[in-house]
Amino acid sequence: MTVELYNGLSKAKETFTPLDKGRVKMYCCGPTVYDYAHIGNLRSFIFYDVIKRTLEYEGLKVTQVINITDVDDKMIKNSAARGMRLGEYAAKYTDAFFADIDKVNIRRADLYPRATDNIEAMAEMVTALMHKGYAYQADDGIYYSISKFKGYGKLSGIDPTRIEARMKKDEYDKESVSDFALWKFWDADDGDVFWEGPLPKGRPGWHIECSAMGIKYLGETMDIHCGAVDLMFPHHENEIAQSEAYTGKKFVDYWLHPEHLLVGGQKMSKSLKNFYTLRDLEAMGFDPMSFRLMVLDAHYRSRLDFTPDSLEKYEKTLDDIDITLQRVQKLPLFHDTKTDTGVPRILESFEKAVKNDFDTHSALIAFFGLIDLANKRIREGKASDFEHKQMVEAFRKMDFVLGLFVELKVPDEVMKLVRERDELRDKKEWTAADAKRKVIKTMGYKIIDLEKHDHVIIKNREHGR
Ligand SMILES: [Zn+2]
């Protein structure tokens, strides 16, 4: 079975065929490290991870590049306002980005090129675009002339004949079609942030960063380019214009755009006080992995309406999954020659879902089907060796794509308390045993007692519920 995906360029579902058989070149617009990533950004990053995992599940060798934008208008302004050097400011939020993606179990990309490490490639591209007549010099920078590029608008559907004024700013109005800055000449606001030669003293525009790094690390044509839907115009449209004018070749075969995350039906904004980072969710006591599960439960091309309350349900589900998976490992097995089980059908519907435009919502339904089967066997108190092996293998395969389980490493000091509690329970000293349980809970772990003094230990996700 092959992967079908919705291509933002053709606006249709297509069968994915990589340029080189068995290999995938994939570029994803990464964070601008001017602040902590908000959970809308994280939704995109989780989706990038799911695409990579799904393609690898299919046996493809994926090279994933995610850029780090460490110079732009906002960053220069913010770092100056805080009296920090740009590099120092960027490092702080780059570290925060990696800490956040680790917390939601995103596997690392192959490369995270930083814009400021690739200025030469950008300057070379800008110079070539001038030579080819696609770029021109104005008094404050070098601009891309979108009327020169025939295909402008092919991704976003914007009408390129409505050209308005030049735009030096990195981000501009979604309605206006404007020549955009490839290279911005230095002015006093930039302070010590500038590069010189072969271009005049200045710095790159945001759009050229992704084109130059994409081509440098993946080649002139890549298979997949992803980025949040709000980047389609102007950012991705501009990337196509720059790259295709520069190489004369198609820049990207498949464009993938995850939808917005809304909060209470509205776009997140600091002024509306509905703006959340992962740190905010943690401060409220939530397990970051519940956010991952929530993201997977929605199709990436539908809007996801977030409210903090809705995370509670997902935390509860994570508890149930953890308990089932631990209990299924402990099941006594009996030998059975019957090899006709329900597991292959469940796995098949899981695979069908993820390969159908990364439909993680339907994939989770299949996954919970397997959880239900496992719980049935747990209630029965035994499982056939054949089916059990299939179940364990199917869970492992599904999690390769979903990335929901992070092995719980219970510290020695907690295990010591667990043993002490067991001894107290053996002696029927219930009050003292319960006091131990409470201490264990404050240390972040919860004991789920089973029959015959057996138990499983899970993360303590309780907070005010
Ligand atoms: Zn980009």
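Tabulated results
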| read-out | value |
| --- | --- |
| Label-point separation, PHE98 to HIS335 (7 Å along Cα→Cβ), nm | 5.2 nm |
| Under 5 Å, built H, 5+ apart or other chain: amide partners of VAL24 | LYS61, VAL62, THR63 |
| For TYR6, distant residues with modelled amide H under 5 Å away | GLU14 |
| Extension gain, LYS21 back to ARG166 (0.36 nm per residue minus Cα-Cα distance, nm) | 48.0 nm |
| Separation of the GLN137 and ALA12 label points, Cα + 7 Å toward Cβ, nm | 4.6 nm |
| With Cα atoms, 0 to 90° folded angle of helix 39-57 axis to the chain main axis | 80 degrees |
| Separation between Cα centres of the range 57-119 and the range 191-208, rounded to whole Å | 19 Å |
| Shape metrics for the range 14-139, restricted to C-alpha atoms - Rg then Dmax, Å | 17.5, 52 |
| Order by protection proxy (mean Cβ within 10 Å, highest first), peptides 261-269, 387-395, 331-339, 93-101 | 387-395, 93-101, 261-269, 331-339 |
| Per-pair calculated FRET efficiency, R0 = 60 Å: ASP320 and SER147 via Cβ, rounded to 0.05 | 0.55 |
| Taking TYR314, TYR152 and counting other C-beta atoms within 10 Å, the order from fewest to most | TYR314, TYR152 |
| Non-local Lys pairs in the range 412-459, i.e. 8 or more apart or on different chains, that have alpha carbons under 12 Å apart | 5 |
| Two-site FRET efficiency, ARG345 against PHE194, from Cβ-Cβ distance with R₀ of 45 Å, rounded to 0.05 | 0.15 |
| Mean residue ellipticity (222 nm) of the chain, computed from DSSP H runs ≥ 4 via -39,500 (n - 2.57), nearest 500 | -14000 deg cm²/dmol |
| Computed label-point distance, nm, for sites PHE405 and GLU423 using a 7 Å Cα→Cβ extension | 3.2 nm |
| Helix axis angle, 206-218 relative to the chain longest principal axis, alpha carbon, degrees | 70 degrees |
| Within the range 345-375: backbone nitrogen closer than 18 Å to the LEU450 label point (7 Å, Cα to C-beta) | 371-375 |
| Cubic angstrom per residue, convex hull over Cα atoms of the range 412-459 | 63 Å³ |
| Exposure proxy ranking, count of Cβ atoms within 10 Å, fewest first, for ASP187, ASP73, ASP49 | ASP187, ASP73, ASP49 |
| Set of lysines near LYS77 by C-alpha distance (under 17 Å), chain-local residues within fewer than 8 positions excluded | LYS92, LYS168, LYS169, LYS184 |
| Set of lysines near LYS61 by C-alpha distance (under 21 Å), chain-local residues within fewer than 8 positions excluded | LYS21, LYS25, LYS52, LYS216, LYS352, LYS355, LYS397 |
| By average C-beta atoms within 10 angstrom, highest first, the peptides 221-227, 366-372 | 221-227, 366-372 |
| Residues LYS416 and ARG82, FRET efficiency given R0 of 56 Å [Cβ-Cβ distance, rounded to 0.05] | 0.80 |
| For ARG53, ARG166, order by how many other beta-carbon atoms lie within 10 Å, fewest first | ARG166, ARG53 |
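Bear in mind that the values in this text are calculations on the coordinates, not laboratory data. Only a predicted model underlies this, so the values are computations on that prediction, with no experimental measurement involved. Positions of Cβ are backbone-derived with ideal geometry, glycine not excepted, and every protein chain shown enters the neighbour counts.
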